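These notes concern the structure reproduced below.
The values are calculated or read from the model by the stated rules, or taken from the named source; none is laboratory data. Note that this is a predicted model, so its numbers are computed, not measured. Note that we place each Cβ from the backbone using ideal geometry, even for glycine, and neighbour counts take in every protein chain shown. Side chains included, ligands, DNA and RNA excluded: accessible areas come from the protein's heavy atoms. Shrake-Rupley method; radii C 1.70, N 1.55, O 1.52, S 1.80 Å.
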Amino acid sequence: MRRALPLLPALAALLLLTACGSERAGTPGTGEAAAPASPTTVTDPPVDGVRITSVTIPSATPSPSSSSDRSSVHADPLTIGRDSGISAAYEVTNDATQALTYTILFTFTDDAGGAMSNKEEIVGPVAPGATVRRTVRLGEWAPGTSRVTRAKVGRVTKVPAAEAPSVSGDCPSSGIRVSADDGDAAMGLRVVGLHLRNCGKRDYSLNGYPLLELLDDDLSPVDGVRIVHGSGGITTGTDFDAPARPLVLKPGESASSGLMWRNTTGFGTAVNVPHVRVRAEQGADPVIVTPHLDLGTTGKLAVRAWTRLPQ
């Protein structure tokens, strides 16, 4: 038979440990209590329909790299990775005649305007004429950053809600999710991955290359760019020249493709392509991704065949 252990010593130790950690209940990294934060009104003009209305910054928010924080050991687990309490309230107004989905990049800066952190928000669908209000939060401090004092709208992209990538929630009626990643760059060579996931309940067949339509900021077609299957001589030693093969994706399985180009410039006008309308195959529902292709003056974009991703 097990004997119950006395509770009083353990309870006393727990209270002592909690008291040690409670010293930092106010400001991370100091024994100072932060004053209650009040929002500060922002009057900056809107950027493509997105406007920051106020910023909330605790009055005693230190740098996360303060010496006291580095040299102290605290038992309270809530002080580890503490939320900064910094946020920005914003509103999105759709002046178009169709519902739109917005991808917004917010930048939190220091007094000198240096970017301390970027946060991306997806808002939509926003109905025509409607205004939607949201709050973006900085979250945890990044090590070594200066004190954040401001927030601004860095970039706004908007696409018709019916063609916006579905990153979460219910599976689209097409049974697939199509998206683009942030890409990779090396010595002028750029690569952006396209990803397809079968989120439906039936098998999904692919055979070949995604169908692409290059679009400008107004979602009008961009001319003067040749789309080639394979590497197109842009570079060697990649998997872009692997032949297309028929694929059957079971529910939950994924495939990938890719876009490759060089952003070198020479004679002529440089071409920028903010949006690409992607169809997984002929007849598939279109999805507009926003990889911001800076194609330079090369006039060529390579596309890789769909390949199955390992599970």
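Some points to look at:
- Summed residue charge, Cβ within 11 Å of Asp95's Cβ, Lys/Arg positive, Asp/Glu negative: 0
- Taking every alpha-carbon pair under 8 Å whose residues sit at least 6 apart, region 107-200 reaches a relative contact order of 23 percent.
- Straight-line cross-link reach from Lys119 at under 27 Å between alpha-carbon atoms covers these lysines, not counting any fewer than eight positions away in the same chain: Lys152, Lys158.
- Per residue, the accessible area of region 198-311 comes to 51 Å², computed with a 1.4 Å probe over protein heavy atoms only.
- Principal axis box of region 92-138, alpha-carbon based, largest edge first, Å: 39, 15, 14
- Net +/- balance of residues flanking Arg137 in space, Cβ distance below 12 Å, scoring K and R +1, D and E -1: -1
- Relative protection proxy for 126-137, 285-296, 207-218, from highest mean packing down: 285-296, 207-218, 126-137 (other beta-carbon atoms within 10 angstrom).
- Working value for region 218-282: equivalent-ellipsoid semi-axes of 27, 18, 10 Å, each the square root of 5 times a Cα gyration tensor eigenvalue, largest first.
- Amide H partners (placed H, <5 Å) of Ala305, local residues excluded: Gly230
- Per residue Cα convex hull volume in Å³ - calculated over region 87-176: 113
- Residues whose placed amide H lies under 5 Å from that of Glu140, excluding near-sequence neighbours: Ser84
- Accessible surface of region 144-261, 1.4 Å probe, proportion on carbon and sulfur as whole %: 46
- Listed values for region 268-281 are Karplus-derived 3J(HN,Hα) couplings in whole Hz (6.51 cos²θ - 1.76 cosθ + 1.60, θ = phi - 60°), namely x, 9, 5, 10, 10, 10, x, 10, 9, 8, 10, 10, 4, 7, and x replaces Gly and Pro.
- Spherically averaged projected area of region 168-311 from its Cα convex hull (nm²): 9.1
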